[in-house]
Amino acid sequence: MKRFARVWAVGGLLTVFVGGCCMLRGAPDGVFGERGTGLETVVFVHGMRRTPRSFARLEQVCRAAGYQTLQAAYSSNEPVEATAERLATELLPAIRGLPRVHFVTHSLGGILVREIFRRHGTPENLGRTVMLSPPNGGSEQIDNFSWLPFFPAIWGRPGPELGTDPGSFPNRLPPIDFPCWVIAGTSGRFLGLFIRAENDGKVSVPSAFAAPGIEDRLVLPVNHTTMMKDPAVMDAVLSVLQTGRFPGGAAEPPGAQAAAR
């Protein structure tokens, strides 16, 4: 038991250290990019304590495919609800009037989009949404390590709200009622040892897929922190945006977009 406790403690410290190194700086609030009028637009919403730079490579891929792109950035210094509302004040005016808008999110970004749509309604010009490892059922790592006294300082104010208990923020959200595809990862590496189910180090596969209303699901051997840079993930995202299906999956039924609204 003592050996297990030591391993648990070391794992907790590593979780915080890795989280801090990768996510400490966060991002300023705002929507960045050149807003056009004649192209389909992809809006990227990064994860907690990340910045738009985390989506730089995937943004280039989407631009090369002919999409206009916008980056929705937020800091992680407020609770989830307040963060979502602050982001909505920047995001919704920026996409209003555009012909068609798709969303690509990572981790907490998916929860924020769900909350914005819950509070303000689904945009009339919404196309498809692809979520990368969203903690739709909460993150088991929050359950494991939120007891550490400096956890909120490194993981941000939204962190403690993202556990797996029934009262956590993600588990209080209504079912997804817009066209949404989810990609989950299984390369949890060392941190994944602290989650019983298959996971990417921070979010388990069952949690990512926990929200009712998801169009389709894809599991890839990728890590939570770097999955948006993985070639297979980028190919899958672009496939959904262009065809409404994951590579090798069933085609989206005709009129599905209109029916979803």
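Data overview
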{"read-out": "Highest to lowest packing among 103-115, 162-174, 73-85, 197-209, scored as the average C-beta count within 10 Å", "value": "103-115, 197-209, 73-85, 162-174"}
{"read-out": "Radius ratio Rg over Rh of the range 180-230, counting only Cα atoms, Kirkwood formula for Rh", "value": "0.97"}
{"read-out": "Burial order of peptide ranges 179-189, 212-222 (average beta-carbon count within 10 Å, highest first)", "value": "179-189, 212-222"}
{"read-out": "Of VAL61, THR122, LEU148, farthest towards positive along the dipole that unit charges on Lys, Arg, Asp, Glu beta carbons give the range 50-156", "value": "VAL61"}
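Bear in mind these aren't lab numbers, they're just calculated from the coordinates by the rules spelled out. Quantities reported herein were computed from a predicted structural model and do not represent experimental measurements. Using ideal geometry, Cβ is built from the backbone for each residue, glycine included, and neighbour counts are taken over all protein chains shown.
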